[in-house]
1. Tell me, what is the FRET efficiency for TYR83 and LYS106 to the nearest 0.05, using R0 = 25 angstrom and their Cβ-Cβ distance as r?
2. If you average the C-alpha positions of the range 74-111 and of the range 47-61 separately, how far apart do those two centres end up, in angstrom?
3. Output needed for the chain: three equivalent-ellipsoid semi-axes, defined as square roots of 5 times the C-alpha gyration tensor eigenvalues, in descending order, whole Å.
4. What is the calculated FRET efficiency for ILE97 to VAL35, with r their C-beta to C-beta distance and R₀ = 30 Å, to the nearest 0.05?
5. Tell me, MET1, MET103 in order of fewest to most beta-carbon neighbours within 10 Å?
6. For a quick check: sort VAL93, VAL24 by the number of other beta carbons within 10 angstrom, fewest at the front.
7. Filter the trypsin sites (Lys or Arg not before Pro) in the range 1-101 down to the DSSP loop ones having no more than 14 other Cβ atoms within 10 Å, then list what survives.
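Rule-based calculations on the coordinates, nothing more; no lab input. Remember, it's a predicted structure, so these values are computed and weren't measured experimentally. FYI the Cβ positions are ideal-geometry reconstructions off the backbone, even for glycines, and counts take in every protein chain you see.
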Amino acid sequence: MSNLTQSWLLLFVAGALEVATTTVFRYTGGLTRVVPTAAFFVLGIASFYFLYRSLAAIPLGTAYAVWTGIGAAGTALIGIYVYAEPATTARLVLLFILIGSIMGLKLVSNS
């Protein structure tokens, strides 16, 4: 596996961990519940660690944009599918644009 491929894999792991972090945050009770709060911090630190590791072959600006995009899109989709948040046409179109932008950043950063 090339260094660039490995970095992209690490970045997607970091993004997935960011989605898990924001999802767990809902259960922390304002950081007053011990187990969810501990999970929140562990997942958050792990997400940052994998983001850091991805910087071996991905520029910081690209990595950060993709990481936050995965976090935002993933958290919004979890909200829609798990927590019955509104799935309006406008919201879905904008999520589609966000995901397309993440894919675009990956494509242009390989050139």
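1. 0.30
2. With the range 74-111 and the range 47-61 each reduced to a Cα centre, they are spaced 21 Å.
3. Three semi-axes, in Å: 25, 21, 8.
4. 0.25
5. In order of increasing Cβ crowding within 10 Å: MET1, MET103.
6. VAL93, VAL24
7. The qualifying sites are ARG26, ARG33.
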